[in-house]
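A short worksheet on the structure shown next.
The values are calculated or read from the model by the stated rules, or taken from the named source; none is laboratory data. Fair warning: this is a prediction, and the values are worked out from it, not measured in the lab. Here the Cβ is made from the backbone with ideal geometry for all residues, glycine too, and neighbour counts use every protein chain on show. The protein model used for the area step is the full one, side chains on, heavy atoms only, and it has no ligands, DNA or RNA in it. Shrake-Rupley method; radii C 1.70, N 1.55, O 1.52, S 1.80 Å.
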Amino acid sequence: MERLTITHQSSNQLVLLCPGLQFLEVTAFFGVYLSLIVYLQDVLHGDSASNVSTVSSWAGVCYLMPVLGAAIADSYWGKYKTTLVSLSISVLGMAMLTTSATLPSLRPPPCAHNGHCPPATPTQSLLFFSGIYLCGIGIGASKAVFISFAAEQFDDDASERGAGSKSKASYFSWYYAVANMGMLTAGTLLVWVQDKVSWGLGYGICASLVAAAVVSLAATAPVYRMLPPAGSPLKGVLQVLVAFSRKVKLTVPRDAGELYEGEDVKNPSLHSPARERLQHTDQFRCLDRAAIVTAEDLEDGDHRPWTLCTVTQVEELKTLLRLVPIWLTSAVYFVANTQAQTTFVQQGTKTDSRITIGAVSISIPAASLTSIQTVCAAAFVALYNRAVAPAAPFKPLQLMGLGHATAGIAVAMAACTEARRLRIAMEGESAAAAAMGIAWLLPQYVVMAVSDASLSVGQLEFFYDQAPATMRGASTAFYFLSLSLGNLINSQLVTLVASVTAAGGRTGWFPPELDDGHLDYYFLLVVAVAVVNFAVFIALVRNYTPKRVR
């Protein structure tokens, strides 16, 4: 495909255009995500355990899709086509979701005065869940791909003159700003429309935002630089494994200098980054067999990458093997982090939503509490960049450690708050006691904001720095994958806890009526998981060997 040269003037336009499209996508996605558990509870009349499990499963699928989207973009379609097709799929899902929420025949009737809430019929459930999963699959597949696609829009030649690098830095600043702006818009305006006006109108606005993104992306196609697929970054990993399997019976030489390292280890693709020369390490020495030069290799003048790999290729695989355990602790971390979008919101629905400041009383929907976390996270990052980083910057792993520690603290605060709420609810059954105010939940959201910002920034920086140069473009996908796995783990954990605690006819921790359960006990369980995960993270960091470039 012909390469389009981006001038300095047009790159400035793209700095505004690309984040603008991402604002539409982020706002629509969180417009569905942040209020999903409330819709399941109030409209579809699901029980608390299944609602948490459903939201976690859906979010897990959404954050798993960036990996599939990146693989399709790198190997087959390219980033532009993958983004356009993915967002088009999400428009279809949004339309189904809007239809389900708008037409009375496609949703259960309201609860009766006697407290009976009729469940959704199979047809109603099929339409709704088909809609949200098509929406999640489409937006999820486009997330990491479009971030990389937008970064490609700045001409390499201009970068050498300084204009391209400034434009690219400006783009990433805009992206962070509009991502938070999108989450804030969804957590305030869209959630308010859904809660106070109409679910159908709220979801209709989300559908319109994604449709506008698709139309804008298609209409501005001539402006973009279109690069052909560069091939999957996992190809080098597979080459090492295949070469290793063919030479598994060979003895690894003691002198690493006998292993093969070609004179030019750059990626032959014109637009791919040069592969760094990595120093040999003794860890995972069995993999060095892939770089042993045999007589058969010498007979063929051409280098065959599926039978003989360079030391750098082998070290890239070793680096990934060192990163995987740390990445897994990030995935477990999101078991605690995802409580802010699920069980914390459930807490909020059982509180007095009014916050009184002087003579002014403000009603805050429970799902809007996540906007507090968004604002605090942005404020924390800004404060860190301006005040802390210039004087004593944290290393990426230290930021990640701060994120792990504060996540456990936030959920522990939620456990204490929930125990107090349950006590007030029990007193209210025998006296005219007022429900606990929603403001009591604000501290746990503020602490979780610090946790989320610390771990997210630290993880993205750490994996970008330590990942092989040819895989840096997929580092964003790894972040979303950890989100996905964390949500899926939380979904299974909730299902297991609900089943075990309700065995033998007991009420359990997740009954249909939250006041009859023990959400505080579940919070304590999550705290225990977070503490153990933090201890494992510390042990891994102490024994981690960083990547060393020649």
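Looking at the stretch 200-208, is at least one residue part of a helix (DSSP H, G or I) and either in contact with a Pro (Cβ under 7 Å, 6 or more places away or on another chain) or at pLDDT below 90 (or both)?
No - not one qualifying residue is present in the stretch 200-208.
Here are Ala331, Ala274, Ala256: which of them is farther than 30 Å from Leu402 by Cα, aliphatic (A, V, I, L, M) and at pLDDT 80 or above?
Of Ala331, Ala274, Ala256, the one residue that is farther than 30 Å from Leu402 by Cα, aliphatic (A, V, I, L, M) and at pLDDT 80 or above is Ala256.
Being of a type in the set (Phe, Trp, Tyr) and either under 21 Å from Tyr39 (Cα atoms) or open to solvent by 40 Å² or more (accessible area, probe 1.4 Å) (or both) is the filter; apply it to the stretch 337-395 and report the residue that is modelled with the highest pLDDT.
Within the stretch 337-395, the first condition is being of a type in the set (Phe, Trp, Tyr), and the residues that meet it are 344, 380, 384, 394.
With either under 21 Å from Tyr39 (Cα atoms) or open to solvent by 40 Å² or more (accessible area, probe 1.4 Å) (or both) added as a condition, the list becomes 344, 380, 394.
Working: Phe344: 89, Phe380: 83, Phe394: 83.
Per the stated criteria, the residue is Phe344.
As an exercise: evaluate Ser484 against (1) open to solvent by 10 Å² or more (accessible area, probe 1.4 Å); (2) closer than 21 Å to Val145 by Cα; (3) in contact (Cβ under 8 Å) with a residue 60 or more places away in the chain; (4) not aliphatic (A, V, I, L, M) and give the number of the one condition it does not meet.
(1)
Test of understanding: among Phe394, Phe380, Phe344, which residue is assigned to a loop (DSSP other than H, G, I, E, B) and touching a residue at least 24 places away in the same chain (Cβ under 8 Å)?
Going through Phe394, Phe380, Phe344 in turn, the sole match is Phe394.
Check whether at least one residue in the stretch 149-164 is modelled with pLDDT of 75 or more and of a type in the set (A, V, I, L, M, F, W, C), and report yes or no.
Here is the first cut: in the stretch 149-164, the ones modelled with pLDDT of 75 or more are 149-150.
When the remaining residues are screened for being of a type in the set (A, V, I, L, M, F, W, C), the result is 149-150.
There is at least one residue in the stretch 149-164 that is modelled with pLDDT of 75 or more and of a type in the set (A, V, I, L, M, F, W, C).
Taking the stretch 53-76, which residues are open to solvent by less than 10 Å² (accessible area, probe 1.4 Å) and among the β-branched types (Val, Ile, Thr)?
Val55
Does Pro443 count as more than 30 Å from Gln313 (Cβ to Cβ) and in a loop (DSSP other than H, G, I, E, B)?
Values: more than 30 Å from Gln313 (Cβ to Cβ): yes; in a loop (DSSP other than H, G, I, E, B): no.
Considered against the rule, which asks whether it is more than 30 Å from Gln313 (Cβ to Cβ) and in a loop (DSSP other than H, G, I, E, B), Pro443 comes out as no.
Determine, yes or no, whether Leu97 is open to solvent by 40 Å² or more (accessible area, probe 1.4 Å), at negative phi, outside any loop (DSSP other than H, G, I, E, B) and of a type outside the set (Gly, Ala, Ser).
Against the criterion (open to solvent by 40 Å² or more (accessible area, probe 1.4 Å), at negative phi, outside any loop (DSSP other than H, G, I, E, B) and of a type outside the set (Gly, Ala, Ser)), Leu97 does not qualify.
Please specify each residue of the stretch 128-148 satisfying the condition of being among the hydroxyl-bearing types (Ser, Thr, Tyr) and either modelled with pLDDT of 85 or more or more than 15 Å from Thr476 (Cα to Cα) (or both). Walk me through it before giving the result.
So the first thing to find is which residues in the stretch 128-148 are among the hydroxyl-bearing types (Ser, Thr, Tyr), and the list is 130, 133, 142, 148.
Scanning the stretch 128-148 gives Ser130, Tyr133, Ser142.
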